[in-house]
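Before any comments, here is the structure.
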2 protein chains.
Amino acid sequence: MADLFTSTISPWSSGKGEQADVVLCSRIRLARNFAPYPFPLKATEESSQKVLDIMKDFCQKHEGYRFLSLGELSPLQKRVLVEKHLISPEHAQGDGKYKGLVLDDEATVSIMVNEEDHLRLQCFAPGMDLMGLWDKADKLDDLIEADNEYAFDEQYGYLTCCPTNLGNGLRGSVMMHLPALSLSGQLGVLNQLGNIGMTVRGLYGEGSEAIGDLYQISNQLTLGQSENDILTNLYGVNQQLIREERNARDYLLEHNRVQLEDRCWRALGTLTHARYLSSREALSLISLVRLGVAVGIIGHLTLEAVSNLYMLVQPGYLQLIAKNNDINETERDLLRAKQVKEYLA
Amino acid sequence: MADLFTSTISPWSSGKGEQADVVLCSRIRLARNFAPYPFPLKATEESSQKVLDIMKDFCQKHEGYRFLSLGELSPLQKRVLVEKHLISPEHAQGDGKYKGLVLDDEATVSIMVNEEDHLRLQCFAPGMDLMGLWDKADKLDDLIEADNEYAFDEQYGYLTCCPTNLGNGLRGSVMMHLPALSLSGQLGVLNQLGNIGMTVRGLYGEGSEAIGDLYQISNQLTLGQSENDILTNLYGVNQQLIREERNARDYLLEHNRVQLEDRCWRALGTLTHARYLSSREALSLISLVRLGVAVGIIGHLTLEAVSNLYMLVQPGYLQLIAKNNDINETERDLLRAKQVKEYLA
């Protein structure tokens, strides 16, 4: 158990997978509710407990899954789960008494219990793997449905709390690293994605700002489209983005190679020598180092090694391993620099 | 001979010496003219040649000295001599046909022949060593005078081209590294030195700007003071500056230790990782690294090792070792970064 919180293991923790030069990881999320019980928004303590019990039973019946009661986790532990993208910030709020979490051993499956819907079933994989994940999520979904009745309507499909999830309740997301589009001022391309049914969010940073050149691309709607259509569309859009990012990298390598080398190596020099690192600066530097590794400028590091850094610099994670809830921001910046330096040594 | 131009050997090349934490090196300069010949400003080709011949003879007579005819050096070689502070920029100008240079083997003695005066006799030593240098310069001066008659006046002392050098023709200079006074905004103290007969110049940089926090402190006047008075005054002023710089370092270490560590280590990280380095940036980074070494923050480098960097990043030196007179500024910045990286590896 402790391992989950004090290690950097996460859906991010591997740089392997398809198209890992641009794609950090893929995610499939299904929204489901059990027919016999009111949706979380209108749930009673009793009905919420019933839902938790269903998933506890599921974990007992199926090997490889474990149940965590969020009420038993500290705020800091929940924060780390958010940083690992295993739960949403909303799921981490409150006392968590009627909120649960199902995880598999590798933290590549995460089922939030009693979040906005009874179940938010998530599967993660490094690199681009929407179809593989869909297959995995579909099987897991069947496994749960085998013993339970989902809220389902012939016309609207799976019923969900928010209408945007109606239908198949499917959301696919791809976490993209787009440093070359950023360096060459071509990120405007992301603005067009809204028009074709896609949502773009910075993975870190608030509002439209994205720190570390990380973007999550996902489908907006679920109603009236088959799972296959949704994922094929999303895949196609991401392939286009990957091509553009790779083109931008090739252009930089061809026309500004030494400047690019300079930036990537300086970033590594700062990461390995700084005594203070803010979260924001660390993510920006990691981005340049990841780019350097991806295009072969930095040869002694792997994408996998760099991907681990994303967790290593998270505030909650640092606070947890410091075993001191009261460390202030300055102490955290010190610890962050120390951890990064030791990790890269 | 080649060694002089393609190695970093220079009065800077050692970090040893007294008070080397603050003082890079000391210099004593004597201005002298031979009585029988007109001063360089009014010299004929014939009289200039006579002066050159005197010093050529001197080198033949006294072991350990060699004569260089500036007319036989390339502009780039002369530039390197300027960068090493062995000759003045003025001495490097023109075809150099009647200009000469006497050097000892370690380049700690440099006599410019037919610069503003017939002789500009310079002795250098790492660290603070005004009195030791004066002793050395005085003996060398006697050695030359033994076979020659200097232009000397009972009332004005040694006669020189410029009246500011009249008297004993002595100028003492101390090259100081004042990064902590700079970081803590206390460099205003240098403005007062003019009032007490001292001249302050940035060692690199133009006008009042000093790159790399390097300052040369020297006496303004020579008339009406004994050598001992001049050097005692200069020494006293420098001791005061050294105290203030050390106080500023202690203050930073006590109150801003981690910020200081962060700045010094980041500078080293950039120096060892950058692919491009301008001369200006390099000198600024070297300054922080030297500070880090001097106060014990950076333990694996010595002051001596860092002092070598000053020559390593000079444009002329880089151009000379590139064996290509035509390398442009970008290529020089690349080469500079490569040299620094390899040197510090």
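Results, tabulated for the structure shown:
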{"quantity": "Average accessible area per residue (Å²) across segment B:256-344 - probe 1.4 Å, nucleic acids and ligands excluded", "calculated": "38 Å²"}
{"quantity": "Relative contact order (%) - criterion: Cα under 8 Å, at least six apart; region: segment B:256-344", "calculated": "37 percent"}
{"quantity": "Rounded to the nearest 20 debye, dipole of the protein assembly as shown from Cβ charges on Lys, Arg, Asp, Glu", "calculated": "60 debye"}
{"quantity": "Cα gyration tensor shape of segment A:127-180, rounded if a/c is under 1.5, else prolate or oblate by comparing a/b with b/c", "calculated": "oblate"}
{"quantity": "Buried solvent-accessible surface, both chains (B, A), 1.4 Å probe, Å² to nearest 100", "calculated": "1500 Å²"}
{"quantity": "Average other protein chain Cβ within 10 Å of Cβ, residues A:267-279", "calculated": "5"}
{"quantity": "Entries of A:K84/A:K136; A:K84/A:K323; B:K61/B:K139; A:K16/A:K97 with Cα pairs more than 27 Å apart", "calculated": "A:K16/A:K97"}
{"quantity": "5 Å binning of all Cα-Cα separations within segment A:294-345, expressed as whole percents from 0 upward", "calculated": "4, 19, 28, 20, 13, 9, 6, 2, 0"}
{"quantity": "Calculated label separations, B:V258, copies of the chain, 7 Å along the beta-carbon direction, nm", "calculated": "3.9"}
{"quantity": "Estimated [θ] at 222 nm from DSSP helical runs (n ≥ 4, -39500 (n - 2.57)) normalised by residues in chain B, nearest 500", "calculated": "-14000 deg cm²/dmol"}
{"quantity": "Shape category assigned to the protein assembly as shown from the gyration tensor of Cα positions, a/c cut at 1.5", "calculated": "prolate"}
{"quantity": "For A:D57, net neighbour charge (Lys/Arg +1, Asp/Glu -1) across residues whose Cβ lies under 15 Å away", "calculated": "-1"}
{"quantity": "Taking only Cα atoms of chain B, radius of gyration then Dmax in Å", "calculated": "20.6, 65"}
{"quantity": "Net charge of Cβ neighbours under 9 Å - reference A:P36; Lys, Arg +1; Asp, Glu -1", "calculated": "0"}
{"quantity": "Test item: Cα-centred dipole of chain A, Lys/Arg +1 and Asp/Glu -1 on Cβ, debye", "calculated": "1060 debye"}
{"quantity": "With every protein chain in place, the protein assembly as shown: carbon and sulfur % of accessible area (1.4 Å)", "calculated": "47 percent"}
{"quantity": "Point-charge dipole on Cβ atoms (K/R +1, D/E -1) for segment A:216-345, about Cα centre, debye to 20", "calculated": "400 debye"}
{"quantity": "Nearest residue to the symmetry axis between A and B, taken on chain A by its Cβ, in whole Å", "calculated": "A:G269, 2"}
{"quantity": "Three-way shape call for segment A:103-162 based on the alpha-carbon gyration tensor, with the a/c threshold at 1.5", "calculated": "prolate"}
{"quantity": "Relative contact order computed over chain B (Cα-Cα under 8 Å; 6+ residues apart), in percent", "calculated": "22 percent"}
{"quantity": "Alpha-carbon gyration tensor eigenvalues x 5, square-rooted, for segment B:256-344, Å", "calculated": "26, 12, 9"}
{"quantity": "Shape box of segment B:105-227 [Cα atoms, principal axes, largest first, Å]", "calculated": "52, 35, 25"}
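The values are calculated or read from the model by the stated rules, or taken from the named source; none is laboratory data. Given the structure is predicted, the values throughout are model-derived calculations rather than measurements. Cβ sites come from the backbone with ideal geometry, for glycine too, and all protein chains shown count toward neighbours. The accessibility values were calculated without ligands, DNA or RNA, using every heavy atom of the protein model including side chains. Shrake-Rupley method; radii C 1.70, N 1.55, O 1.52, S 1.80 Å.
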